[in-house]
Amino acid sequence: MNKSLREMEAVIKTYSLSHTILCLHMSFNRLSRLIPSPETFIDLLLFHGITLIVPAHRYGNQVHDVHQLKILQNGNDDQPEYMNNPQPYSGDMDPEEISPLMGIVARRIAKRGTSHIGFHPENAFAGIGPAAEKIIKTQTPWNVYAPYDILMEDTQARIVLIDVDLSKATPIHYAEMKAGRNPFIRWYKDSTNQVKPMRVGGCSDGFEQCRPYLKDLESVCQTGLSTWRIYPFQAFINRMSDLIGDFPEITRCDKPMCPRCRDSIAGGPYFSFFSISSHLLKGDHSFCERGKVMGIKSSK
Ligand SMILES: [Zn+2]
């Protein structure tokens, strides 16, 4: 075992990471100079009984907005061109379609035969390890962050950022929900070509500004050339949710006209549940039941 792997083992031991669930967000660039491959890295964590939850987002499955529903404050001033040629989504995903922005480790995890990928056309999570299945199977297009509900009940779960900052920490979108922000609503075609709603994350470019408020929760360590930041999941979400509630502007990115920051800071989309359920979800309320949706405000 080379020196970097031994250092990683020391981190696992020092921070008691064995047999825990880790939400991992990372860049492999620096580690790649010292560790033979992403597989070596993944295998070492799995060897210690760790469950890894990573983002396996891909893009290009949206169809155009359904205007008659009058969903306001939805962060979608501009509509990308790829929406002209949507692919139906049946739950199957080719891991090759996962965005390179997720990093090579997340993509390699999703490709493994023993991994699980969540049911979401764009913002799926992938998981591998002992607890992965029960966490990942909770995800639906509407309840995009349901996997984090399970982590909130696990006092040992952590968020680990390796050579990336808080702008890559997807759990902050969950904290935004906890703080009362509605996630943005987008649309996709299911396997029967019906248009269905899904909820997705907003702009995360300003999230690193929250770091000073997390210092007492943060452990920072170096292994090889890489820098790891480790946070306890529960405390991180509670702190971020309080912070966003008290100081919503803290998450605003530096793009003055960013429509997603503008609308999410204002509380995110609001709409009539009746309108969505009666127009689009006839006979299929499994992921959009009345009363189960967080933070709905009445339509205007
Ligand atoms: Zn923004």
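The values are calculated or read from the model by the stated rules, or taken from the named source; none is laboratory data. Note that the coordinates shown come from a computational prediction; the quantities given were computed from them, not determined experimentally. As a convention, Cβ positions derive from the backbone with ideal geometry for all residues, glycine included, and neighbour counts pool all protein chains shown.
Are any of the residues in the stretch 176-193 on the phi > 0 side of the Ramachandran plot, surrounded by fewer than 21 Cβ atoms within 10 Å (Cβ to Cβ) and outside any helix (DSSP H, G or I)? Scanning the stretch 176-193 turns up at least one residue that is on the phi > 0 side of the Ramachandran plot, surrounded by fewer than 21 Cβ atoms within 10 Å (Cβ to Cβ) and outside any helix (DSSP H, G or I). State yes or no: is Gly129 in contact (Cβ under 8 Å) with a residue 40 or more places away in the chain and crowded, with 23+ Cβ neighbours inside 10 Å? Yes: the conditions hold for Gly129. For the stretch 91-136, a residue qualifies if it is within 14 Å of Leu22 (Cβ to Cβ) and in contact with a Lys or Arg (Cβ under 8 Å, 6 or more places away or on another chain), and exactly one does: Ile128. Here the condition is being modelled with pLDDT of 95 or more and within 30 Å of Pro36 (Cα to Cα); of Ala131, Ala146, it holds for Ala131 alone.
Contact list please: Cβ distance under 9 Å, first residue in the stretch 249-272 and of a type in the set (Phe, Trp, Tyr), second residue more than 8 Å from the ligand (Cβ to nearest atom) and part of a helix (DSSP H, G or I), pairs at least six apart or on different chains. Matching pairs, first to second residue: Phe271/Leu69. Every condition in (1) farther than 25 Å from His120 by Cα; (2) modelled with pLDDT of 95 or more holds for Gln234 except the one numbered (1). When we screen Arg260, Arg229 for residues that are within 16 Å of the ligand (Cβ to nearest atom), within 16 Å of Ser167 (Cβ to Cβ) and at pLDDT 95 or above, the only hit is Arg260. Filtering the stretch 149-171 to residues that are out of contact with any strand residue (DSSP E or B) (no Cβ under 9 Å at 6 or more places or on another chain) and touching a residue at least 24 places away in the same chain (Cβ under 8 Å) leaves Met152, Ser167. Taking the listed residues Ser204, Ser241, the one that is in contact (Cβ under 8 Å) with a residue 24 or more places away in the chain, within 16 Å of the ligand (Cβ to nearest atom) and hydroxyl-bearing (Ser, Thr, Tyr) is Ser204, with no other qualifying.
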